[in-house]
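Q: The following block contains the structure, expressed as structure tokens.
The values are calculated or read from the model by the stated rules, or taken from the named source; none is laboratory data. Keep in mind the model is a prediction, meaning the values are calculated, not measured. Here Cβ is always computed from backbone atoms with ideal geometry, including for glycine, and neighbour counts include all displayed protein chains.
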């Protein structure tokens with residue numbers, strides 16, 4: 001507990017500094033892409049992200065061989081207000097199946113050799129959840145219309161769980177981390193957090209989550225609107241403590257840990273983008289260590305990515321969660337990496353080297 005408070009206080013008191021990723025180093029690495037026998041910059045953002053990962057890792061080319069997807073799981077007291085079509089038992093059931101590797105993201109990750117870890121940060125269940133790593137801080141959050149979702153101390157502990165997972169993962173040899181989440185009701189909490197962070201109203205931040213009908217969607221938007229009218233002038237920590245989720249806090253910790261331990265983190269959709277905005281508010285330059293994947297169906301996703309100055313590659317109207325978009329991005333990056341290493345170079349292709357007049361790094 002003391003360690004959690006100490007580290008968290010250090011971040012809040014600006015005692016920890018994160019250096020931005022060296023853009024000149026990214027540009028230097030990216031020059032190797034110009035040697036591939038193809039039109040200059042023709043792999044677009046893939047060249048930029050591929051080079052950025054190498055710069056974060058401190059290599060001349062990225063190591064994408066050892067990846068781990070960490071799926072943070074937790075329950076939300078706000079489901080009492082009828083904002084979800086499922087009850088809290090589904091969080092536990094899904095967390096178990098994620099840990100087994102049987103869900104959509106598990107099947108995808110297994111096909112790519114990406115290890116998957118489900119982490120119980122706040123599932124509302126009396127026993128340990130099978131096939132999950134037990135790092136439970138609390139048995140779910142409280143209904144934030146009645147009382148704060150969690151205390152600052154509980155938020156701090158959940159953030160520390162995420163940071164520790166990054167440290168442990170790096171020590172285990174993982175070169176890239178992916179984030180995902182599972183938590184019934186979490187798009188409601190994330191919508192409120194996004195509204196406070198970006199100064200947006202309920203209409204702008206509230207989506208249908210896992211597929212609400214019109215009546216439930218109207219109820220959800222009303223809940224978000226009420227929450228956004230409760231306070232003003234909140235700090236990021238207060239916003240997350242009053243309205244956030246334990247799994248969202250854990251993702252914030254993973255994102256902070258990526259910057260602290262120099263491990264690139266591939267984001268998923270709206271929920272991870274909310275956690276990323278929080279992390280970047282807590283620790284400057286955290287965004288430099290992030291790789292975006294996709295713009296989800298949730299309406300505030302694009303605004304969150306814009307706030308982070310990140311440009312996700314996919315816009316497929318997805319709303320799966322669990323890190324699915326992050327795994328798809330990892331797959332694409334590995335394909336780009338194959339081109340980078342194995343495609344003909346200009347010197348071997350019979351085509352004269354193209355000149356690069358378009359560098360935007």
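Q: Restricting to the range 40-60, what's the tally of residues that are outside any loop (DSSP other than H, G, I, E, B) and either closer than 30 Å to residue 223 by Cα or touching a residue at least 12 places away in the same chain (Cβ under 8 Å) (or both)?
A: Step one: of the range 40-60, the residues outside any loop (DSSP other than H, G, I, E, B) are 44-57.
Now drop any that are not either closer than 30 Å to residue 223 by Cα or touching a residue at least 12 places away in the same chain (Cβ under 8 Å) (or both), which leaves 45-57.
Number satisfying all stated conditions: 13.
Q: How many residues, within the range 318-345, are crowded, with 22+ Cβ neighbours inside 10 Å and under 12 Å from residue 266 (Cα atoms)?
A: The number of residues fulfilling the criteria is 9.
Yes/no per residue for (1) surrounded by fewer than 19 Cβ atoms within 10 Å (Cβ to Cβ); (2) touching a residue at least 60 places away in the same chain (Cβ under 8 Å); (3) out of contact with any helix residue (DSSP H, G or I) (no Cβ under 8 Å at 6 or more places or on another chain); (4) over 30 Å from residue 206 (Cα atoms):
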residue: 62; (1), (2), (3), (4): no, yes, no, yes
residue: 75; (1), (2), (3), (4): no, yes, no, no
residue: 80; (1), (2), (3), (4): yes, yes, yes, no
residue: 88; (1), (2), (3), (4): no, yes, no, no
residue: 137; (1), (2), (3), (4): no, yes, no, no
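Q: Yes or no: residue 315 out of contact with any helix residue (DSSP H, G or I) (no Cβ under 8 Å at 6 or more places or on another chain) and either more than 20 Å from residue 186 (Cβ to Cβ) or surrounded by fewer than 24 Cβ atoms within 10 Å (Cβ to Cβ) (or both)?
A: Yes: the conditions hold for residue 315.
Q: Just to be sure I understand the filter: pairs with C-beta atoms under 9 Å, separated by 6 or more residues or on different chains, first member in the range 249-267 and at positive phi and in contact (Cβ under 8 Å) with a residue 40 or more places away in the chain, second member part of a helix (DSSP H, G or I) and crowded, with 24+ Cβ neighbours inside 10 Å. Which pairs pass?
A: As it stands, the answer is 262/56; 262/289, since those pairs meet every condition given.
Q: Restricting attention to the range 310-326, which residues are assigned to a loop (DSSP other than H, G, I, E, B) and within 11 Å of residue 291 (Cα to Cα)?
A: Pass one, the range 310-326, residues assigned to a loop (DSSP other than H, G, I, E, B): 310-313, 315-323.
Scanning the range 310-326 gives 310, 311, 312, 313.
Q: Shifting gears a bit: Pick out the one residue from 253, 183, 244 that is touching a strand residue (DSSP E or B) at 6+ places or on another chain (Cβ under 7 Å), crowded, with 24+ Cβ neighbours inside 10 Å and modelled with pLDDT of 95 or more. Full working, then the answer.
A: Working: 253 fails: touching a strand residue (DSSP E or B) at 6+ places or on another chain (Cβ under 7 Å); 244 fails: touching a strand residue (DSSP E or B) at 6+ places or on another chain (Cβ under 7 Å).
One residue alone meets the criteria, 183.
Q: Restricting to the range 255-269, name every residue that is in a helix (DSSP H, G or I) and more than 8 Å from the chain's Cα centre (by Cα).
A: If we filter the range 255-269 for residues that are in a helix (DSSP H, G or I), which is where we start, we get 255-261.
256, 257, 258, 259, 260, 261 - these are the residues of the range 255-269 that are in a helix (DSSP H, G or I) and more than 8 Å from the chain's Cα centre (by Cα).
Q: Which one of these does residue 52 not meet: (1) surrounded by fewer than 22 Cβ atoms within 10 Å (Cβ to Cβ); (2) closer than 22 Å to residue 291 by Cβ; (3) touching a strand residue (DSSP E or B) at 6+ places or on another chain (Cβ under 8 Å)?
A: (1)
Q: Separate question: Yes or no: residue 171 farther than 22 Å from residue 74 by Cα and out of contact with any helix residue (DSSP H, G or I) (no Cβ under 7 Å at 6 or more places or on another chain)?
A: Working: farther than 22 Å from residue 74 by Cα: yes; out of contact with any helix residue (DSSP H, G or I) (no Cβ under 7 Å at 6 or more places or on another chain): yes.
Considered against the rule, which asks whether it is farther than 22 Å from residue 74 by Cα and out of contact with any helix residue (DSSP H, G or I) (no Cβ under 7 Å at 6 or more places or on another chain), residue 171 comes out as yes.
Q: Which residues, taken from the range 147-159, are without any contact (Cβ under 8 Å) to a residue 12 or more places away in the chain and in contact with a helix residue (DSSP H, G or I) (Cβ under 8 Å, 6 or more places away or on another chain)?
A: none
Q: Further, regarding this structure: For residue 31, only one of the following conditions fails: (1) free of Cβ contacts under 8 Å to residues at least 60 places away in the same chain; (2) farther than 27 Å from residue 271 by Cα; (3) not in a loop (DSSP other than H, G, I, E, B). What is its number?
A: For residue 31, the exception is condition (1).
Q: For residues that are modelled with pLDDT of 95 or more and either within 18 Å of residue 277 (Cβ to Cβ) or more than 19 Å from the chain's Cα centre (by Cα) (or both), tally how many sit in the range 305-322.
A: So the count comes out to 8.
Q: Okay, moving on. Would you be able to say whether some residue in the range 340-352 is modelled with pLDDT of 95 or more, touching a helix residue (DSSP H, G or I) at 6+ places or on another chain (Cβ under 7 Å) and either under 22 Å from residue 58 (Cβ atoms) or not in a loop (DSSP other than H, G, I, E, B) (or both)? It would help to see each step written out before you state the result.
A: We begin by selecting, within the range 340-352, every residue modelled with pLDDT of 95 or more; these are 340-342.
From what is left, the residues that are touching a helix residue (DSSP H, G or I) at 6+ places or on another chain (Cβ under 7 Å) are 340.
With either under 22 Å from residue 58 (Cβ atoms) or not in a loop (DSSP other than H, G, I, E, B) (or both) added as a condition, the list becomes 340.
Yes, some residue in the range 340-352 is modelled with pLDDT of 95 or more, touching a helix residue (DSSP H, G or I) at 6+ places or on another chain (Cβ under 7 Å) and either under 22 Å from residue 58 (Cβ atoms) or not in a loop (DSSP other than H, G, I, E, B) (or both).
Q: In addition: Name every residue in the range 187-237 that is free of Cβ contacts under 8 Å to residues at least 24 places away in the same chain and either at positive phi or surrounded by 16 or more Cβ atoms within 10 Å (Cβ to Cβ) (or both), in order of residue number.
A: Within the range 187-237, 199, 217, 221, 233 qualify.
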